[in-house]
Amino acid sequence: MLNKSLAVLLLISAAVLSACEKSSESYPITGEQCGPEDPVKTLDAADCYVPPAVN
């Protein structure tokens, strides 16, 4: 039963993710057009610091 539920969940997830538009020329939330001078294109993983969890 668990295997069938997992399979259905994976299929639904794949269908939802495949419906996402990948070649959009605008940002999804603001609707602003993407351009070659966008500052987000110069971001690196080191720019996104995530502090460690405090226990």
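Listed by first and then second residue, the pairs linking a residue in the stretch 39-55 that is loosely packed, with under 10 Cβ neighbours inside 10 Å to a residue that is of a type in the set (Asp, Glu), with Cβ atoms under 9 Å apart and 6 or more places separating them unless they lie on different chains, form an empty list. Report yes if some residue within the stretch 17-26 is outside any loop (DSSP other than H, G, I, E, B) and under 14 Å from the mean Cα position of the chain (by Cα); otherwise report no. Checking the stretch 17-26: at least one residue is outside any loop (DSSP other than H, G, I, E, B) and under 14 Å from the mean Cα position of the chain (by Cα). Evaluate the stretch 12-22: report whether one residue or more is surrounded by 10 or more Cβ atoms within 10 Å (Cβ to Cβ), modelled with pLDDT under 80 and not β-branched (Val, Ile, Thr). No. Note down all Cβ pairs under 9 Å where the first residue falls in the stretch 1-28 and is small (Gly, Ala, Ser), the second is modelled with pLDDT of 70 or more, and they're at least six residues apart or on different chains. Sorted first by the residue in the stretch 1-28, then by its partner, the pairs are SER24/CYS34; SER26/GLU32; SER26/GLN33; SER26/CYS34.
The values are calculated or read from the model by the stated rules, or taken from the named source; none is laboratory data. Model, not experiment: these values are computed from the prediction. Cβ sites come from the backbone with ideal geometry, for glycine too, and all protein chains shown count toward neighbours.
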